[in-house]
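A short write-up of the structure that comes next.
The values are calculated or read from the model by the stated rules, or taken from the named source; none is laboratory data. None of the values given here were measured: they were computed from a predicted structure. For neighbour counting, all protein chains shown are included, and Cβ atoms are generated from backbone atoms with ideal geometry for every residue, glycine included. What goes into the accessible areas is simple: the full protein's heavy atoms, side chains included, and nothing from ligands, DNA or RNA. Shrake-Rupley method; radii C 1.70, N 1.55, O 1.52, S 1.80 Å.
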Amino acid sequence: MKKLVIVLTVVTAVFAQEEAVVDTTWQKELIGSLSFSESYFDNWAAGGENAIAGQLDLGGKLIYNNEKYTWTNTGKIAYGS
């Protein structure tokens, strides 16, 4: 049992030494939101209408950084009533 623990510790330490390659030329960002709204009127003498509404918003940004230049793309989209 003691040998097994030692072997697992050594194997874990060997695999932990690998470094991940990170691509720093592209930066990505995506933000989204989902919202709902409801209005309810009960026993109003003046009237009024009940309503339900919803909206989906998405926004994104994509940036390319190079030694000579930087290129930025952004976009926004919204859907709802």
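Things worth noting here:
- Under the condition of being without any contact (Cβ under 8 Å) to a residue 24 or more places away in the chain and open to solvent by less than 70 Å² (accessible area, probe 1.4 Å), the residues counted in the stretch 38-58 number 4.
- Any hit, the stretch 69-79, residues being in a loop (DSSP other than H, G, I, E, B) and either surrounded by 10 or more Cβ atoms within 10 Å (Cβ to Cβ) or at pLDDT below 95 (or both): yes
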